[in-house]
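Okay, structure first, notes after.
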Amino acid sequence: KQEVTQIPAALSVPEGENLVLNCSFTDSAIYNLQWFRQDPGKGLTSLLLIQSSQREQTSGRLNASLDKSSGRSTLYIAASQPGDSATYLCAALSGNTGKLIFGQGTTLQVKP
Amino acid sequence: NAGVTQTPKFQVLKTGQSMTLQCAQDMNHEYMSWYRQDPGMGLRLIHYSVGAGITDQGEVPNGYNVSRSTTEDFPLRLLSAAPSQTSVYFCASRGTSGYEQYFGPGTRLTVT
């Protein structure tokens, strides 16, 4: 059974810092891995999608990497801003069941 | 494109009442799903559909019914609401190119 874990559960950093959010999964048979952002009381916004054949994807200040062999993905945020404060969720699309399995999320606070 | 839309945004029910949460997408996606999000539990799959006329159970299907008569719509029915169904409900759809998931804004349901 696929399990997705995100560490840390919460993170607080000063503005301008570069940071890394971690996501690990137990079953390497995945179609893709997707990173989402969720603001309080809001829905999920897709940030980056990495296919199983890819190693990384970039969008602006965000870079996501995928290492299937070790069951890990990281989301790198460069030059963090207070507007980046949100909960970040990773989700792995299982290659066996076709179901999307979510981690518990990392709640990020960027202080001015 | 409106993407994935959900109605209502908020709903309060009394125990035993029934209701239908509406979900629609205009991206011609075959795959649609319903999740519930609870503190400490993350997002859990309730039901999903791989196309019109085809539905299946997810991780937490008890107390919920679904049907899929059209590609666009995927309503979720609560048969007899219980306080344990107090949650935020998200509908999602998935494209066939890369299998990226798109989420609606959510319905916040309280059962008293």
Near pairs, Cβ below 6 angstrom, 6+ apart or cross-chain, from the stretch B:75-97 (within 10 Å of chain A (Cβ to nearest Cβ)) to any residue that is open to solvent by 10 Å² or more (accessible area, probe 1.4 Å) and among the hydrophobic types (A, V, I, L, M, F, W, C): B:PHE90/B:PHE103; B:CYS91/B:VAL4; B:ALA92/B:PHE103
So A:ASN32, is it within 30 Å of B:SER87 (Cβ to Cβ), away from chain B (no Cβ under 11 Å) and assigned to a strand (DSSP E or B): no
Any pair with Cβ under 6 angstrom, 6 or more apart, that starts in the stretch A:48-59 at a residue that is closer than 13 Å to B:GLU100 by Cβ and ends at one that is charged (D, E, K, R): A:LEU49/B:GLU100
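Every residue, every condition in (1) at pLDDT 95 or above; (2) surrounded by 18 or more Cβ atoms within 10 Å (Cβ to Cβ); (3) in contact with a Ser or Thr (Cβ under 9 Å, 6 or more places away or on another chain); (4) over 30 Å from A:SER52 (Cβ atoms), yes or no:
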| residue | (1), (2), (3), (4) |
| --- | --- |
| B:GLY3 | no, no, yes, no |
| B:PRO8 | yes, no, yes, yes |
| B:GLN17 | yes, no, yes, yes |
| B:MET27 | no, no, yes, no |
| B:GLY40 | no, no, no, no |
| B:GLU59 | no, no, no, no |
| B:THR86 | yes, no, yes, yes |
| B:TYR89 | yes, yes, yes, no |
| B:TYR102 | no, yes, yes, no |
Residues of the stretch A:15-29 that turn out to be open to solvent by less than 50 Å² (accessible area, probe 1.4 Å) and either within 14 Å of chain B (Cβ to nearest Cβ) or touching a Lys or Arg at 6+ places or on another chain (Cβ under 9 Å) (or both), as a count: 5
Subset of the stretch A:57-110 (residues that are part of a strand (DSSP E or B), within 14 Å of chain B (Cβ to nearest Cβ) and open to solvent by 30 Å² or more (accessible area, probe 1.4 Å)): A:GLN57, A:SER59, A:THR87, A:ILE101, A:THR107
Residue selected from the stretch B:52-65 under the condition assigned to a strand (DSSP E or B) and among the β-branched types (Val, Ile, Thr), by the criterion farthest from B:THR7 (Cα to Cα): B:ILE54
Selected residue (only one of A:GLN54, A:GLN34, A:GLN2 is over 30 Å from B:THR5 (Cβ atoms) and of a type in the set (S, T, N, Q)): A:GLN54
Residue within the stretch A:32-44 that is open to solvent by less than 40 Å² (accessible area, probe 1.4 Å) and over 21 Å from B:SER97 (Cα atoms) present: yes
Residue check for B:ARG68: within 14 Å of the chain's Cα centre (by Cα) and part of a strand (DSSP E or B): no
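Being over 22 Å from A:ARG37 (Cβ atoms), in a strand (DSSP E or B), touching a strand residue (DSSP E or B) at 6+ places or on another chain (Cβ under 7 Å) and open to solvent by 20 Å² or more (accessible area, probe 1.4 Å) narrows it down to one residue among B:ARG44, B:ARG77; which is it?
Values: B:ARG44 fails: over 22 Å from A:ARG37 (Cβ atoms).
When all the criteria are applied, what remains is B:ARG77.
The values are calculated or read from the model by the stated rules, or taken from the named source; none is laboratory data. Because the structure is predicted, anything quoted here is derived from the model rather than measured. Glycine also receives a Cβ, built like all others from the backbone with ideal geometry; neighbour counts cover every protein chain displayed. Heavy atoms of the whole protein, side chains included, go into the accessibility calculation; ligands, DNA and RNA do not. Shrake-Rupley method; radii C 1.70, N 1.55, O 1.52, S 1.80 Å.
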